[in-house]
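> This is the structure, below, for whatever I ask next.
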Amino acid sequence: MQAFLDGCAKSVLEGDADAAEKLAREALEKKYAPLDVIEKGFVRGIKEVGRLWEEGTLFLPELVMGAEAMKRAMAVLQPALAKAGSRPKSLGHVVIGTIEGDIHDIGKTLVATMLSANGFEITDLGADVPAAKFVDEAAAKGAGCIAISALLTTTMSGQKRVVEELKKRSLGGTVKVMVGGAPCSDEWAREIGADGYAGDAVAAVALAQRLVGARG
Ligand code: B1M
């Protein structure tokens, strides 16, 4: 199994989308747990790409190719992930998206899939979403929670704007806010008045259950 996971990480590191897709299909054939293959294989690869890019060993085209490989693998694995945990009853409605100015959507989509697989109804607004749009959608859908992803230190302040927008419309407290993404933390969530922070997709499910799951 470890050699297989190493191969998954390598396919992303080398920006080889065909290999990544092939390995994702192989994982399904071998009945490996999709979340393990994503987190311990492909995500390890994309994190290494990010690290090498930051230290100047890789360049932007290679970062883009790594992301493409990652997305091709995710496209194969995400439906299986959603099916694996599918639950008939809705635990509550979550509006999710990546904040304005930020196009990173791989982690957000993984979180959305995991929430859906665990019984939450999801409205996924995609990436580069203005603060007001989160609030508009939550109000329109009667959502109990807004989940905001931010991967850039320059965009995370947008999460605060969502909290402020909720307060402005007297929805603060009624609609819970959870934040996530690499630059975020528990401390950041507290600082901006969000209801919680989750470090990965599994933690995001637990947090959503705590914040809104009990409401039914
Ligand atoms: Co960019 N990028 N990128 N990038 N990128 C980072 C984030 C960076 C850390 C790389 C680095 O320097 N090492 C850096 C940010 C530095 C900073 O702000 N301090 C960076 C930069 C600078 C940039 C650009 C500015 C580069 C440029 O153009 N000069 C540019 C920004 C464009 C923009 O958004 N306006 C850019 C572009 C890109 C690509 C398009 C090439 C591509 C994104 C493709 C896509 O998403 N469609 C990309 C990628 C792939 C990365 C890295 C390498 C990987 C991100 C990823 O997909 N990780 C990233 C480095 C890194 O994160 N180590 C990097 C895998 C994913 C499963 O993990 O998203 O962390 P993650 O999600 C996790 C958790 O964080 C959590 O759960 C997920 C699953 O476990 N989580 C949540 C996420 N959202 C959550 C929400 C929740 C709860 C949990 O509830 C609300």
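> Counting other C-beta atoms within 10 Å, which of V94, V175 has the fewest, and how do the rest follow?
Values: V94 28, V175 24.
Neighbour counts put them in this order, fewest first: V175, V94.
> A further question on this structure: Using Cα centres only, tell me the gap between region 151-216 and region 78-150 in whole Å.
About 12 Å separates the Cα centre of region 151-216 from the one of region 78-150.
> Once you've got the Cα coordinates, tell me which of K40/K83; K47/K133; K133/K160; K47/K160 are over 18 Å apart.
Check vs 18 Å cut-off fails for K40/K83; K47/K133; K47/K160.
> Please get the size of the charge dipole for region 51-104, origin at its Cα centre, with Cβ charges of +1 on Lys and Arg and -1 on Asp and Glu, quoted in debye to the nearest 20.
On the way: 6 positive and 6 negative charges, 122 e Å.
Around 580 debye, computed over region 51-104.
> Using the Karplus equation 6.51 cos²θ - 1.76 cosθ + 1.60 (θ = phi - 60°), what ³J(HN,Hα) coupling, rounded to whole Hz, does each residue of region 12-26 give in order, writing x for Gly and Pro?
6, 4, 8, x, 9, 5, 5, 5, 4, 5, 4, 5, 5, 5, 4
> Please arrange S116, S157 by counting, for each residue, the other beta carbons lying within 10 Å of its beta carbon, fewest first. Intermediate values should be presented prior to the final figure.
Working: S116 22, S157 15.
Fewest-to-most ranking of S116, S157: S157, S116.
> To the nearest 20 debye, what is the magnitude of the charge dipole of region 26-171 about its Cα centre, counting +1 on the Cβ of each Lys and Arg and -1 on the Cβ of each Asp and Glu?
Details: 19 positive and 19 negative charges, 119 e Å.
It works out to roughly 580 debye.
> 5 Å is the cut-off here: which amide hydrogens, built 1.01 Å from N in the peptide plane, fall below it relative to G101, excluding neighbours closer than 5 in sequence?
D128, V129
> The chain: longest stretch without exposed trypsin sites (Lys or Arg not before Pro) (DSSP loop, at most 13 other Cβ within 10 Å), sites themselves excluded? Walk me through the numbers before you get to the answer.
Details: sites that count: K30, K31, K89.
Longest run free of exposed loop sites: 90-216.
> Under the rule a/c < 1.5 gives rounded, and otherwise a/b versus b/c splits prolate from oblate, where does region 51-194 land using the Cα gyration tensor?
Numbers: a/c = 2.30, a/b = 1.23, b/c = 1.87.
Because a/c hits 1.5 or more and a/b fails to exceed b/c, region 51-194 counts as oblate.
> With θ taken as phi - 60° and the coefficients 6.51, -1.76 and 1.60, list the Karplus ³J(HN,Hα) couplings across region 42-54 in order, rounded to whole Hz; mark glycine and proline as x.
Here the 3J(HN,Hα) series is 4, 5, 4, x, 5, 5, 5, 4, x, 5, 5, 5, 4 Hz.
> Here's a follow-up. Output wanted: per-residue J couplings in Hz (rounded whole) for region 96-101, from phi through Karplus 6.51 cos²θ - 1.76 cosθ + 1.60, θ = phi - 60°, x for Gly and Pro.
So the J values, rounded to whole Hz, are 10, x, 9, 5, 3, x.
> Further question: Say each of F59 and A132 gets a label point 7 Å from the Cα, pointing the same way as Cα to Cβ; how far apart are those two points in nm?
Label-label distance for F59 and A132, simple model: 4.1 nm.
> Skipping prolines and chain starts, which residues have an amide H placed within reach, meaning under 5 Å, of the one on K176, given they are 5 or more residues away or on another chain?
Here the answer is C145, I146, since their amide H atoms fall under 5 Å of that of K176.
> Next question, about the same structure. Computed FRET efficiency, Cβ-Cβ of D18 and A182, R0 30 Å: what is it to the nearest 0.05? If you can, show how the numbers build up before the last one.
Numbers: r = 28 Å, r/R0 = 0.92.
So, using R0 = 30 Å, E works out to roughly 0.60.
None of the figures in this text is laboratory data; all of them are computed from the coordinates on show. Because the structure is predicted, anything quoted here is derived from the model rather than measured. Neighbour counts run over all protein chains shown; Cβ positions are idealised from the backbone, glycine included.
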